[in-house]
1. Test LEU51 against the stated conditions and say whether it is modelled with pLDDT of 95 or more, in contact with a Leu (Cβ under 9 Å, 6 or more places away or on another chain) and within 13 Å of ligand 1 (Cβ to nearest atom).
2. Would you list the helices (runs of 4 or more DSSP H) that sit entirely within segment 202-299 and hold 2 or more residues that are under 25 Å from the mean Cα position of the chain (by Cα) and within 20 Å of LYS39 (Cα to Cα)?
3. Considering only residues that are without any contact (Cβ under 8 Å) to a residue 60 or more places away in the chain, near ligand 2 (Cβ under 8 Å from one of its atoms) and in a loop (DSSP other than H, G, I, E, B), which ones fall in segment 19-62?
4. So, of the residues in segment 1-18 that are closer than 24 Å to TRP149 by Cβ and more than 10 Å from ligand 2 (Cβ to nearest atom), which turns out to be surrounded by the fewest Cβ atoms within 10 Å (Cβ to Cβ)?
5. Which members of segment 214-264 meet the condition of being within 30 Å of ARG70 (Cα to Cα), β-branched (Val, Ile, Thr) and touching a Ser or Thr at 6+ places or on another chain (Cβ under 7 Å)?
6. Any chance segment 165-172 includes a residue that's within 13 Å of ligand 1 (Cβ to nearest atom), under 24 Å from the mean Cα position of the chain (by Cα) and either part of a loop (DSSP other than H, G, I, E, B) or hydroxyl-bearing (Ser, Thr, Tyr) (or both)?
Amino acid sequence: MTAAENRSGFVTFVGRPNVGKSTLTNALVGEKVAITSDKPQTTRRAIRGILNRPGGQLVIVDTPGIHKPRTLLGQRLNDLVEQVLGDVDVIGFLVPAVDKVGPGDRRIAASLDGYPRAKKVAIVTKTDLGGRDEIMERLMEVDSLREDWAAVIPLSAVTDDQLDVLADELLALMPEGPALYPDDVVTDESTEDRIAEIIREAALEGVRDELPHSIAVTVEDVAPREGSDLTDVYANIVVERDSQKAIIIGRKGSRLADVGARARAQIEPLLGSRVFLSLRVRVAKEWQRDPKQLGRLGF
Ligand SMILES: Nc1nc2c(ncn2[C@@H]2O[C@H](COP(=O)(O)OP(=O)(O)O)[C@@H](O)[C@H]2O)c(=O)[nH]1
Ligand SMILES: [Mg+2]
């Protein structure tokens, strides 16, 4: 193949919270680069996952999606998403097979008019949860939302059904050009950032209401321990109130111990070493609204 036939570019997925944007990003990359949960607004950064295929490279940018901003953090995240949407080559619009298309979906589909540069692909996801008729109905509903879909594709990011079809279609829509990243990396996130996200995902499990939004994680140090095959990882779980700190720690530290165990199980394969994980819970009052705190937390 000549260099001229190589294609590369950026794609991002849009859709209501929980439709499966981050899960699809990971499924395409083949490795977890973006954390997922059943809580809305889990994603807080623009995370780039990289998929190399014969004939080209896809850079998949997973974003928090646009929300009504309630805090300074919310505003910053919206600005970030706007910027990504303005820059990508392809936007994939996701609707789950099992939910009827509603006003939220229609609004997001219509908002894609604001990004004329990007080609648009409609994706009916979670087909593993839907029946044949349900999937057909959804495909027709989604198809009628815009006239300019370059493709309408049903798939499951959990069973990987039709994932190849999407990857081929996305690559075909990319401009010609050389690979943008080396072919042996799956993300441009630093190891520290990936560890912080893994811990945040573990901390999100089982917490409710406002607490998920209040959790941030910082990694202070990752260091191989001398004379052993252990890596020491020191991290802080940051919350906004003392009452939240108590919830995260749990009775006699039981919740925090579970969070640590779940996170460690994922950090060890990432680092390729056994890990000693030290987690501290800190309170940073109202950090989501405080520009100084946001800066310290990397937003
Ligand atoms: N069964 C099934 N569940 C999925 C699929 N894609 C995502 N999910 C689940 O939907 C929830 C939300 O996924 P996530 O990727 O975090 O959604 P996001 O908010 O759009 O990024 C998670 O619990 C996922 O496991 C799919 O194709 N099939
Ligand atoms: Mg997400």
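1. no
2. The qualifying helices (runs of 4 or more DSSP H) are 211-214, 242-249, 254-271.
3. THR43
4. Looking only at segment 1-18, we keep the residues that are closer than 24 Å to TRP149 by Cβ, and these are 7-18.
Subsequent filtering for residues that are more than 10 Å from ligand 2 (Cβ to nearest atom) retains 7-12, 14, 16.
Working: ARG7: 21, SER8: 22, GLY9: 21, PHE10: 19, VAL11: 26, THR12: 25, VAL14: 23, ARG16: 17.
Among those that are closer than 24 Å to TRP149 by Cβ and more than 10 Å from ligand 2 (Cβ to nearest atom), it is ARG16.
5. Hits for segment 214-264 are VAL238, VAL239.
6. no
Results for (1) closer than 25 Å to VAL158 by Cα; (2) assigned to a helix (DSSP H, G or I); (3) modelled with pLDDT of 95 or more, shown as yes or no for each residue.
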site: ARG70; (1), (2), (3): no, no, no
site: GLU82; (1), (2), (3): no, yes, no
site: GLY86; (1), (2), (3): no, yes, yes
site: ILE91; (1), (2), (3): yes, no, yes
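The values are calculated or read from the model by the stated rules, or taken from the named source; none is laboratory data. Keep in mind it's a predicted model, so treat the numbers as computed, not measured. Positions of Cβ are backbone-derived with ideal geometry, glycine not excepted, and every protein chain shown enters the neighbour counts.
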